[in-house]
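Enquirer: Provided herewith is a single structure, encoded as structure tokens, for subsequent inquiry.
The values are calculated or read from the model by the stated rules, or taken from the named source; none is laboratory data. Given the structure is predicted, the values throughout are model-derived calculations rather than measurements. Neighbour counts run over all protein chains shown; Cβ positions are idealised from the backbone, glycine included. Quick note on the areas: whole protein, heavy atoms, side chains included, nothing else; ligands and nucleic acids left out. Shrake-Rupley method; radii C 1.70, N 1.55, O 1.52, S 1.80 Å.
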Amino acid sequence: MDASTRRMGVEEELLLVDPDDGSPLGLAPAVLPAADDLDGEMRPEQVETGSVPHTDADALDADLRRRRVDAARAARTSGAAVAALATSPVTPGPATSVEGRYGLIQDRFGAIATAQLTNGQHVHVEIGSREEGVGVLDRIGEWLPVLRALSANSPFWRGEDTGYASYRSLVWARMPSAGPSRVFGSVAAYDAAVDAMVATDTIVDDGMVYFDARLAARFPTVEVRVADVSLTVDDAVTIALLSRALVATAAARWEAGEPPTPWSIEMLRLAHWRAARSGCVGVDGETGVLVHPTGGRPVPAHEAVSALLEHVDDALGADRQTVHAGVRRVLDGATGSAVQRAAFARGGVREVVRSALVGT
């Protein structure tokens with residue numbers, strides 16, 4: 001399957017906020033019926049959009065913009081606004097009880113679950129078979145920390161600058177089933193690992209297999225889950241195109257019989273922490289430090305990003321210019337985390353939220 005013909009879809013989790021003071025509002029039960037294509041999430045301060053599958057970057061861009069506008073319009077019917085923030089800069093109120101599956105997760109995981117007011121971007125990339133999908137999972141793990149760094153959009157937590165570019169990553173990592181996965185080698189081994197996790201009766205179902213990338217249960221896709229929700233649609237499309245190129249590159253290497261890189265879970269966790277800590281641009285605008293995806297040593301962020309771009313260059317094809325422009329924008333300082341910090345310097349956490357409102 002050619003990279004440009006692989007369909008991709010994007011799910012975006014968004015924050016419902018008070019348009020005046022920026023505080024999170026648990027109004028999802030009232031907001032969801034006001035739009036056709038919104039879903040709920042673990043907390044009622046969140047809504048989720050999901051694009052249809054696309055092969056064309058411009059079509060994906062237009063789809064995401066429309067869905068953000070629709071979400072904002074639906075929120076306004078309940079006096080709320082929608083912000084593209086991966087964590088809430090304003091301290092939320094106490095978590096309220098929810099019913100159904102998310103209620104079961106809250107009961108089982110307690111404060112870990114009720115604190116999960118975090119928003120991610122999940123990119124689904126089409127695969128030809130589950131065998132190809134596992135081959136992809138086995139060959140993209142070392143590159144995912146770079147995606148995390150490029151998408152970092154969550155420096156604030158409960159009114160304070162955490163010093164992290166992606167604090168959402170640390171909050172999400174509290175879930176015992178979240179994080180990088182090992183090399184599986186076969187569909188049978190992947191399925192056995194998932195079955196074993198469910199059999200512990202720790203997670204409530206296989207939907208809680210929160211690997212950084214996984215086989216989607218409902219679609220013929222690899223689902224890349226490491227990214228913070230993007231501050232802008234331009235950033236979201238850049239992450240989606242890079243995810244598609246990563247999947248296509250890994251699929252080609254699997255097809256050619258090239259073995260996976262023998263990275264350990266321990267090294268991957270450290271690489272993800274580095275990515276969450278500084279992103280591509282750290283506090284005060286200094287260059288971020290990342291673990292090199294193949295060398296395993298700390299390098300300036302632009303070196304790790306350059307390695308990623310070189311790795312996926314063939315698969316980018318006609319999207320090369322769009323991706324390089326998006327990456328350059330991030331490396332030049334327009335990361336979500338950097339934009340949030342600049343807004344904070346102007347007017348505190350309320351200004352951070354105002355700067356991230358969508359559909360206004």
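Enquirer: Taking only Cα atoms, what is the 0 to 90° angle, nearest 10, from helix 130-140's long axis to the longest principal axis of the chain?
Expert: 80 degrees
Enquirer: Rounded to the nearest percent, how much of the accessible area of region 85-225 (1.4 Å probe, protein heavy atoms only) is carbon and sulfur? Please list the in-between numbers first.
Expert: Values: 2690 of 5100 Å².
Ligands and nucleic acids excluded, carbon and sulfur give 53 percent.
Enquirer: To the nearest 20 Debye, how big is the dipole of the chain about its Cα centre, given +1 on the beta carbon of each Lys and Arg and -1 on that of each Asp and Glu? The partial results should precede the final answer.
Expert: Working: 34 positive and 49 negative charges, 140 e Å.
Its charge dipole is roughly 680 debye.
Enquirer: Among G100, G110, G40, which one shows the highest mean-square fluctuation when the chain is modelled as a Gaussian network with alpha-carbon springs under 10 Å?
Expert: G100
Enquirer: Relative to the longest principal Cα axis of the chain, at what angle does helix 301-311 sit, 0 to 90 degrees, rounded to 10?
Expert: Helix 301-311 and the main axis of the chain meet at about 50 degrees.
Enquirer: Please report the spacing between the Cα centers of region 2-32 and region 75-93 in Å, no decimals.
Expert: 10 Å
Enquirer: Can you tell me the orientation of helix 233-255 relative to the chain, as the angle in degrees between its alpha-carbon axis and the longest Cα principal axis, to the nearest 10?
Expert: Between the helix axis and the principal axis of the chain, the angle is about 20 degrees.
Enquirer: Once you order the gyration tensor axes a ≥ b ≥ c over the Cα atoms, which shape class does region 1-50 get: rounded for a/c under 1.5, otherwise prolate or oblate by comparing a/b with b/c? Show your work: numbers first, answer last.
Expert: Values: a/c = 3.47, a/b = 2.41, b/c = 1.44.
Prolate, because a/c is 1.5 or more and a/b exceeds b/c.
Enquirer: Which distance in nm do the two modelled labels at D2 and H324 give, with both placed 7 Å along the Cα-to-Cβ direction?
Expert: So the two model labels end up 2.1 nm from each other.
Enquirer: Based solely on its DSSP helices, what 222 nm [θ] is calculated for the chain when runs of n ≥ 4 H residues each add -39,500 (n - 2.57) and the sum is averaged over all residues, nearest 500 deg cm²/dmol?
Expert: Numbers: 14 runs with 160 residues, N = 360.
Rounded to the nearest 500, it is -13500 deg cm²/dmol.
Enquirer: With a 10 Å cut-off between alpha carbons and a GNM built on the chain, which of P176, P293, P155 moves the most?
Expert: Taking springs between Cα atoms under 10 Å, the residue moving most is P176.
Enquirer: What does the accessible area per residue of the chain come to in Å², with a 1.4 Å probe and no ligands, DNA or RNA counted?
Expert: Details: 14380 Å² over 360 residues.
Counting only protein heavy atoms, the per-residue value for the chain is 40 Å².
Enquirer: Is region 25-135 rounded, prolate or oblate when judged by the Cα gyration tensor, a ≥ b ≥ c being the square roots of its eigenvalues, rounded requiring a/c under 1.5 and prolate requiring a/b larger than b/c?
Expert: Values: a/c = 2.17, a/b = 1.27, b/c = 1.71.
Note, shape of region 25-135 comes out oblate.
Enquirer: Using a Gaussian network model of the chain whose springs link C-alpha atoms within less than 10 Å, name the residue from V98, V229, V82 with the highest mean-square fluctuation.
Expert: V98
Enquirer: How many nm is it between the label spots at D195 and D39, if each spot is 7 Å from the Cα in line with the beta carbon?
Expert: Placing both labels 7 Å beyond Cα along the Cβ direction yields 2.6 nm.
Enquirer: Calculate what fraction, in whole %, of the accessible area of region 256-360 sits on carbon and sulfur atoms when a 1.4 Å probe is rolled over the protein chains.
Expert: 52 percent
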